[in-house]
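Trainee: Got a structure here, written out as structure tokens. Questions coming.
The values are calculated or read from the model by the stated rules, or taken from the named source; none is laboratory data. Keep in mind that what you see is a predicted model, and the values were worked out from it rather than measured. Cβ atoms come from the backbone with ideal geometry, glycine included; neighbour counts cover every protein chain shown. These area figures cover heavy atoms from the full protein model, side chains too; ligands, DNA and RNA do not enter into them. Shrake-Rupley method; radii C 1.70, N 1.55, O 1.52, S 1.80 Å.
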Amino acid sequence: SKSLSDEENLKLFGKCNNPNGHGHNYKVRLLISLLFSLQIDPVSGMVINLTDLKEYMQEAIMEPLDHKNLDKDVPYFAEVVSTTENVAVFIWENLKKLLPVGTLYKVKVYETDQNIVVYKGEETISE
């Protein structure tokens with residue numbers, strides 16, 4: 001965090017505090033919802049076409065984040081600390097712009113098998 005001293009960053013972030021950065025292989029799971037008045041298409045049997053969903057995920061997640069140094073290559077993280085929580089918020093905000101209103105229910109980001117963040121809009125739950 002740019003707002004903390006080197007000592008404070010080390011205490012707060014531990015081994016994740018590295019001035020040269022460090023890498024993660026995040027896994028992301030999305031839950032699509034039937035909330036509001038969304039209907040299952042009688043022809044396709046889907047709420048959202050999976051081909052379209054893959055394209056939205058490519059645009060919202062893969063293009064801005066894949067093989068990137070979040071702190072240096074992603075403008076969003078120039079002023080926002082690149083924690084898993086904030087990665088989940090970033091993904092939520094990007095996907096929400098692309099998906100039909102009411103379809104995005106939950107974004108689940110796995111930093112590791114033990115460090116998982118679930119984001120549902122304004123409500124964040126760590127598992």
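Trainee: Quote to one decimal, in nm, the extra length available between Thr112 and Met62 on full extension: 0.36 nm per residue of separation minus the C-alpha distance between them. Mind dumping the intermediate values first?
Mentor: On the way: separation 50, 0.36 × 50 = 18.00 nm, distance 1.84 nm.
Between Thr112 and Met62, full extension yields 16.2 nm more.
Trainee: Right, next: Over the alpha carbons of the stretch 24-119, what is the largest minus smallest coordinate on each principal axis, giving the biggest first in Å?
Mentor: 45, 26, 20 Å, listed from the longest principal axis down.
Trainee: Here's a follow-up. Under 5 Å between amide hydrogens, which residues at least 5 positions from Met46 or on another chain qualify, with H placed 1.01 Å from N in the peptide plane?
Mentor: Those qualifying (amide H under 5 Å, at least 5 residues apart or on another chain) are Asp41.
Trainee: Let me ask you something else. Can you give me the solvent accessible area of Tyr105 with a 1.4 Å probe, rounded to the nearest 10 Å²?
Mentor: Rounded to the nearest 10, that gives 80 Å².
Trainee: With all protein chains present and a 1.4 Å probe, how do His24, His67 order by accessible area, largest first? Write out the running numbers ahead of the final one.
Mentor: On the way: His24 60, His67 175 Å².
So, going from the largest accessible area down, we get His67, His24.
Trainee: Calculate the FRET efficiency for His24 and Asn49 from the Cβ-Cβ distance with a Förster distance of 25 Å, rounded to the nearest 0.05.
Mentor: Values: r = 30 Å, r/R0 = 1.20.
My answer for the efficiency is 0.25.
Trainee: Calculate, in nm to one decimal, what Lys11 and Lys72 gain on full extension: separation in residues at 0.36 nm each, minus their alpha carbon distance. Let's see the in-between values first.
Mentor: Values: separation 61, 0.36 × 61 = 21.96 nm, distance 2.24 nm.
Length gained, Lys11 through Lys72: 19.7 nm.
Trainee: Under 18 Å between C-alpha atoms is the cut-off here; go through the stretch 24-119 and count lysine pairs that meet it, provided they're at least eight residues apart or on different chains.
Mentor: Here the count comes out as 12.
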